[in-house]
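The values are calculated or read from the model by the stated rules, or taken from the named source; none is laboratory data. Small disclaimer: the values here were computed from a predicted structure and weren't measured. No Cβ is skipped: glycine too gets one built from the backbone with ideal geometry, and neighbour counts run over all protein chains shown.
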Amino acid sequence: MKKSLFAYLYKQKEKFYVIQTNTRRIFEIDEKTYYILNECKELAELDRDTFNCFVEAGIVVPKESDEVSLMEKGHMANDNDLEWHSLHIIPTEACNFGCEYCFVLKDKQTTEGERVISDEILYKGIDFFLDNNPSDQMILTFYGGEPLLAPEVIYKSVDYIEGVRKRKISKKVITNASRVTPQIAEYLAVHEFDVNVSLDGNKDGHDQFRLYKDGRSTYDDVIRGIKILQEAGNSIKILMTVGDFNAKNLTEHVKSLLELKPTTIALNLPKALQTTDNQIERKMNYEQLLAAYIECMDLCYEKHIPEGHMADIIYGFLRSETQYRPCHGCGKQIALSPDGLIGPCQAYLGTKKYFMPLKLFKDKEQLRKTEEFEKWKQITMYKCEKCRYCYLLPVCPGDCPYDWENRTGSLLNVPDTYCASRKAMFDYMIGRLVNGKEILFRTKNA
Ligand code: SF4
Ligand code: SF4
């Protein structure tokens with residue numbers, strides 16, 4: 001017998017624990033047992049009851065067992081190729097902001113493409129996505145540029161999908177919130193949109209990068225937009241990019257976000273760009289950043305407002321399924337550009353890497369056979385060597401192969417900094433659990 005790949009040892013003060021991340025079992029153990037498991041000592045040294053209990057919980061497994069291959073086989077056998085889960089529509093590549101770190105627009109090679117998507121391309125793209133797609137868990141995302149510069153595209157898309165095509169779909173918009181009007185806000189609320197607003201902390205932090213093209217502050221306009229959205233009944237998720245410019249005062253920035261009473265915040269590490277340097281993480285000390293992040297989690301729990309990445313880990317631990325694709329881009333998504341191109345991931349909009357003209361394809365079957373989509377379909381956590389041998393694999397929510405490719409040169413090689421943050425989040429969650437603290441962010445009565 002051997003220790004399972006998914007048996008993770010955790011120590012807090014003088015207490016010792018083993019967690020099986022696949023069966024989601026946690027045991028408090030004594031120091032000797034911790035030592036035996038940690039040093040991969042002879043498991044026969046474990047007392048009989050402990051040994052039997054560990055076998056039952058999957059902490060100790062037969063020597064010849066290949067746990068990862070088994071999981072992989074099960075997942076791949078159930079993977080339905082016909083199902084596409086995510087449609088990203090880019091109504092326009094134009095944006096009224098000039099954020100220097102924008103991973104969509106900074107890599108743009110030309111000034112073309114600022115047009116609004118035509119009805120013809122829009123409906124063709126939607127049909128292309130919906131036809132022969134049996135998925136009942138579809139999500140429609142409007143992205144940019146700034147999607148609210150062309151709100152009519154949103155209205156037409158929803159009318160067409162839900163009214164004409166009679167398909168059920170979750171709806172999401174990612175916006176800078178500067179162009180929100182009461183009418184737009186009401187529409188989003190009535191249609192139950194997941195509304196995501198980018199805001200980089202307090203005014204000082206936010207105005208470092210998220211400025212109008214002429215350099216003016218956008219902060220007050222964004223806050224006004226958030227208020228209008230909330231007054232109309234929308235729940236707001238705030239997306240904050242974390243970089244050199246705001247990492248030092250992270251807790252201050254997070255406090256200011258929480259004061260706005262969003263339903264969720266997400267502290268996003270910057271994505272590396274394809275062709276240019278975003279210049280916002282040169283001096284970032286990841287250890288300090290993670291320590292500050294963990295401090296922020298205490299603040300989020302106090303206010304009962306979840307942080308998205310932490311919530312992903314918790315959700316990953318509480319549900320019994322493993323998320324084996326890092327994101328929908330890996331074979332389950334179509335991004336539609338205003339100039340009629342489709343690709344697996346909207347983040348490549350700037351260079352159009354992996355994008356192809358929609359008009360070349362009769363159906364998704366043809367698209368699936370292209371080298372580009374085939375390559376993305378092959379991306380699973382199992383194919384990444386680091387993930388394949390990681391104790392966190394069953395719980396890890398994956399992330400962003402676009403960023404992985406830009407940092408490591410491979411769509412299948414996760415950067416170490418990313419893993420360090422996931423592991424710190426997991427430790428924090430386990431720390432709360434073993435101390436009898438709530439791990440969900442809900443209020444007592446929820
Ligand atoms: S992304 Fe990193 S932390 Fe997550 S499973 Fe892979 S190696 Fe582990
Ligand atoms: S690769 Fe990154 S940016 Fe692209 S769809 Fe996946 S998570 Fe989103």
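Miscellaneous remarks
- Residue within the stretch 410-418 that is away from ligand 2 (no atom under 16 Å from the Cβ), out of contact with any Ser or Thr (no Cβ under 7 Å at 6 or more places or on another chain) and not small (G, A, S) present: yes
- Pairing each residue of the stretch 395-419 that is under 18 Å from L289 (Cβ atoms) with any residue that is among the hydroxyl-bearing types (S, T, Y) and more than 10 Å from ligand 2 (Cβ to nearest atom), provided the two are 6+ apart or on different chains, yields C-beta distances under 8 Å for D399/Y418; D403/Y418; V414/T408; P415/T408; T417/Y286.
- Qualifying residue in the stretch 123-143 (condition: in contact with a Phe, Trp or Tyr (Cβ under 6 Å, 6 or more places away or on another chain) and more than 20 Å from D363 (Cα to Cα)): no
- In this entry, D403 passes the filter for residues that are in contact with a Lys or Arg (Cβ under 7 Å, 6 or more places away or on another chain) and either within 13 Å of ligand 2 (Cβ to nearest atom) or among the charged types (D, E, K, R) (or both).
- Of everything in the stretch 340-350 that is assigned to a loop (DSSP other than H, G, I, E, B) and touching a strand residue (DSSP E or B) at 6+ places or on another chain (Cβ under 7 Å), the residue that is nearest to ligand 2 (Cβ to nearest atom) is C345.
- Any hit, the stretch 294-304, residues being under 24 Å from H85 (Cβ atoms) and away from ligand 1 (no atom under 16 Å from the Cβ): no
- Subset of the stretch 216-234 (residues that are over 24 Å from the mean Cα position of the chain (by Cα) and part of a loop (DSSP other than H, G, I, E, B)): R216, T218, A232, G233
- Residue that is within 13 Å of ligand 2 (Cβ to nearest atom) and modelled with pLDDT of 95 or more, where the choices are K375, K359: K375
- Qualifying residue in the stretch 330-339 (condition: assigned by TED's automatic domain parsing to the domain that holds N278, surrounded by fewer than 21 Cβ atoms within 10 Å (Cβ to Cβ) and more than 16 Å from ligand 2 (Cβ to nearest atom)): yes
- The stretch 305-324 - residue that is modelled with pLDDT of 95 or more and in a loop (DSSP other than H, G, I, E, B) and, of those, farthest from ligand 1 (Cβ to nearest atom): I305
- Some residue of the stretch 390-398 being within 16 Å of ligand 1 (Cβ to nearest atom), over 23 Å from D312 (Cα atoms) and assigned by TED's automatic domain parsing to the domain that holds F103: no
- Scope the stretch 282-295; condition part of a loop (DSSP other than H, G, I, E, B) and crowded, with 17+ Cβ neighbours inside 10 Å; matching residues: M284
- From the list Q323, Q274, the one residue that fits, being surrounded by fewer than 17 Cβ atoms within 10 Å (Cβ to Cβ) and within 16 Å of ligand 2 (Cβ to nearest atom), is Q274.
- Candidates are the residues of the stretch 235-281 that are at pLDDT below 95 and part of a helix (DSSP H, G or I); the one that is nearest to M310 (Cα to Cα) is A247.
- Pairs linking a residue in the stretch 205-223 that is under 19 Å from K248 (Cβ atoms) to a residue that is surrounded by fewer than 17 Cβ atoms within 10 Å (Cβ to Cβ) and not aliphatic (A, V, I, L, M), with Cβ atoms under 8 Å and 6 or more positions apart or on different chains, are G205/N249; D207/S217; F209/E100; Y219/K203.
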